[in-house]
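The values are calculated or read from the model by the stated rules, or taken from the named source; none is laboratory data. Quick caveat: nothing in here was measured; it's all calculated off a predicted structure. Cβ coordinates were reconstructed from backbone atoms using ideal geometry, including for glycine residues, and neighbour counts include every protein chain displayed. The protein model used for the area step is the full one, side chains on, heavy atoms only, and it has no ligands, DNA or RNA in it. Shrake-Rupley method; radii C 1.70, N 1.55, O 1.52, S 1.80 Å.
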Amino acid sequence: MYLNKTTFVPSKKLTLKNYKKMTEEINFILDSAKEAMNGSIAHLEKEFLNIRAGKASPQMLGGVFVDYYGSQTPISQVANINAPDARTLTVTPWEKNMLGPIEKAIMIANLGLNPMNNGENIIINIPALTEERRRDLVKQAKHEAEEAKIGIRNHRKDANTDIKKEEKNGTAEDICKKAEDDVQKLTDNFIKKIDEILAVKEAEIMKV
């Protein structure tokens, strides 16, 4: 997709050395934009993990941090989390004295879950979602997807701004125009990917 020396047409004004330098700068901008857009996708997928669809999953506790000897530590680093069935989560701490802190951390996380401490494990019963709650979660998912799209468009804007700077600094107009087209293709591909991820999440939420 990116520019390379095979597109070079010699001229009195544009030497091969200058052309290489121009394309290196442009390709760096394109690579940076792609990396930033991938970051937006990764953030969206992380947010979607926190939108539970009713079925028990260890990922439901992905955002829970436990006070482990004065340090806020991900729950997955102090306990084993399992889903023995579609409606139950069990949390087994590696150290028994962590039962209380884990129970407290789950409550503080405000996930709408009620942990039960039986002295050996933390057991969490996952309530079935109502139709209204499912629709609320779909709205939440759509909001997160729209935020991700805004992020993608902002990365496009940043990339195009950098391309314009390169043009002002002497990079050939046709090289910059091609680069802007490539940025738009990247944007379109990532927007499409967000729509696909959202469609999967919606289906997951609405599945009874």
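Are any of the residues in region 41-51 touching a Phe, Trp or Tyr at 6+ places or on another chain (Cβ under 9 Å), open to solvent by 50 Å² or more (accessible area, probe 1.4 Å) and under 30 Å from residue 159 (Cα atoms)? Steps first, please.
Applying the first criterion (touching a Phe, Trp or Tyr at 6+ places or on another chain (Cβ under 9 Å)) to region 41-51 yields 41.
Retained after the next criterion (residues that are open to solvent by 50 Å² or more (accessible area, probe 1.4 Å)): none.
Looking through region 41-51, none of the residues is touching a Phe, Trp or Tyr at 6+ places or on another chain (Cβ under 9 Å), open to solvent by 50 Å² or more (accessible area, probe 1.4 Å) and under 30 Å from residue 159 (Cα atoms).
Identify the residue in region 85-97 that is open to solvent by less than 90 Å² (accessible area, probe 1.4 Å) and free of Cβ contacts under 8 Å to residues at least 40 places away in the same chain and, among all such residues, is farthest from residue 123 (Cα to Cα).
Here is the first cut: in region 85-97, the residues open to solvent by less than 90 Å² (accessible area, probe 1.4 Å) are 85-86, 88-93, 95.
Then keep just the ones that are free of Cβ contacts under 8 Å to residues at least 40 places away in the same chain; that gives 85, 88-93, 95.
On the way: 85: 12, 88: 7, 89: 6, 90: 5, 91: 6, 92: 9, 93: 12, 95: 16 Å.
Only one residue tops the list, namely 95.
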- prompt: Does region 114-140 hold any residues that are out of contact with any Asp or Glu (no Cβ under 6 Å at 6 or more places or on another chain), touching a residue at least 12 places away in the same chain (Cβ under 8 Å) and assigned to a helix (DSSP H, G or I), and which are they?
  reply: 134, 137, 140
field: Residue identified as in contact (Cβ under 8 Å) with a residue 12 or more places away in the chain and either assigned to a helix (DSSP H, G or I) or surrounded by 18 or more Cβ atoms within 10 Å (Cβ to Cβ) (or both) among 148, 203, 199
entry: 148
